[in-house]
Amino acid sequence: MRHSVETGASLRFAALSQGMRAAGAPATLVDLAARASADEIRHAAHCADILRARQAEVPAAETRLLFFGPRDLPPEQRLTYEVVAQSCISETESMATLVTLLDAAEDAHLRIVLQELARDEVQHARLGWAYLSWAKNRFDLSFLSDFLPTMASAATGADLFRPSPPGADDAGLLRSGVVPKRQRRRIYLETLHSVVIPGFEEYGVETAPLRAWAESQQKLLASLEM
Amino acid sequence: MKLKRLFQVLVLGGGALVAATACGGSDGTSANPPPGNTNVPPPHSLLPDGGTPPTGYQGPTIW
């Protein structure tokens, strides 16, 4: 699945780069997004290599350009929605997971790959916060607030806050580059509280709806772990 | 978990990128204007529709 997530992100970053250029964003941001698109293709190739080494099937690359937000938003809001959902939420949350994996990785090859991914993902996440820093003085960002819970929920997919199937919480998974589901839920919420929410507040985006969503997921987490 | 460090590197680091751009010679309003007249408003659509369903794609996208 990771393979198609990476190829999908590549298509999205390429489109975001063009959108930012058209909106008059600084060249640094336009270039960062274009580079992120190329990075994601390389990441997909790493995923494919790892799958082949484990005699697993390599899934087909994502060929659809999929955006997160509603299509009927005004152009600047739509661009902002997609940058925020991709970089401020997904890539920022992914960084926290990669840091956890890096701490646990014992296999030398896996460690090298994870280091490369983390180096790239830092830039992919920064892109979103840099965009907000630029956009906050140009566009009205107040529309974002009510959408943040939807973005946060979409990033995890429908599965993360559902009961774990057998084996998904096995602590041994960490060494092979997979964060056990139980730990993934905690990392997700901790990162939301300590990085993502304060990040939005840093750039003047109201976070009450996102805080309420995080609170509800925290209760769900408690019930799952009873 | 080094979350405080992540906040500094990602959130504040992102803001610093734009600040550095603004200090690098432009007025900070747009270092990369669209081609042609810079006063032209952004085009009707900044992003293509692609294969996105009308209500948006529902992930997942994180590791």
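The values are calculated or read from the model by the stated rules, or taken from the named source; none is laboratory data. Because the structure is a prediction, the values reported are computed rather than measured. FYI the Cβ positions are ideal-geometry reconstructions off the backbone, even for glycines, and counts take in every protein chain you see.
Taking segment A:164-181 as the range and being assigned to a helix (DSSP H, G or I), surrounded by 16 or more Cβ atoms within 10 Å (Cβ to Cβ) and in contact (Cβ under 8 Å) with a residue 12 or more places away in the chain as the test, the residues that pass are A:Leu174, A:Lys181.
No other residue among A:Arg175, A:Arg185, A:Arg126 is more than 27 Å from B:Tyr57 (Cα to Cα), among the charged types (D, E, K, R) and in contact with a helix residue (DSSP H, G or I) (Cβ under 7 Å, 6 or more places away or on another chain) apart from A:Arg175.
From A:Leu173, A:Leu192, which residue is more than 9 Å from chain B (Cβ to nearest Cβ) and modelled with pLDDT of 95 or more?
On the way: A:Leu173 fails: modelled with pLDDT of 95 or more.
On inspection, the qualifying residue turns out to be A:Leu192.
Does A:Leu98 qualify as being assigned to a helix (DSSP H, G or I), of a type in the set (A, V, I, L, M, F, W, C) and either in contact with an Asp or Glu (Cβ under 8 Å, 6 or more places away or on another chain) or without any contact (Cβ under 8 Å) to a residue 60 or more places away in the chain (or both)?
Yes, satisfied.
Has segment B:19-31 got at least one residue that is at pLDDT below 75, at the interface with chain A (Cβ under 7 Å from one of its Cβ atoms) and within 19 Å of the chain's Cα centre (by Cα)? Within segment B:19-31, one or more residues are at pLDDT below 75, at the interface with chain A (Cβ under 7 Å from one of its Cβ atoms) and within 19 Å of the chain's Cα centre (by Cα). Quick test of your reading of the structure: A:Phe161 fulfils all but one of (1) surrounded by fewer than 23 Cβ atoms within 10 Å (Cβ to Cβ); (2) closer than 22 Å to A:Ala104 by Cα. Name the failing condition by number. (2) is the only condition that A:Phe161 fails. Of note, A:Ala14 does not satisfy the criterion of being out of contact with any strand residue (DSSP E or B) (no Cβ under 9 Å at 6 or more places or on another chain), surrounded by 15 or more Cβ atoms within 10 Å (Cβ to Cβ) and facing another protein chain (nearest Cβ under 8 Å).
Restricting A:Val99, A:Val83, A:Val5 to residues that are surrounded by 17 or more Cβ atoms within 10 Å (Cβ to Cβ) and modelled with pLDDT of 95 or more narrows the list to A:Val83. Test A:Val178 against the criterion of being within 21 Å of A:Ile89 (Cα to Cα) and modelled with pLDDT under 90, and give yes or no. So A:Val178 passes the test.
Selection within segment A:199-216: residues that are in a helix (DSSP H, G or I) and touching a helix residue (DSSP H, G or I) at 6+ places or on another chain (Cβ under 6 Å). The member of this set that is nearest to the other protein chains (Cβ to nearest Cβ) is A:Gly199.
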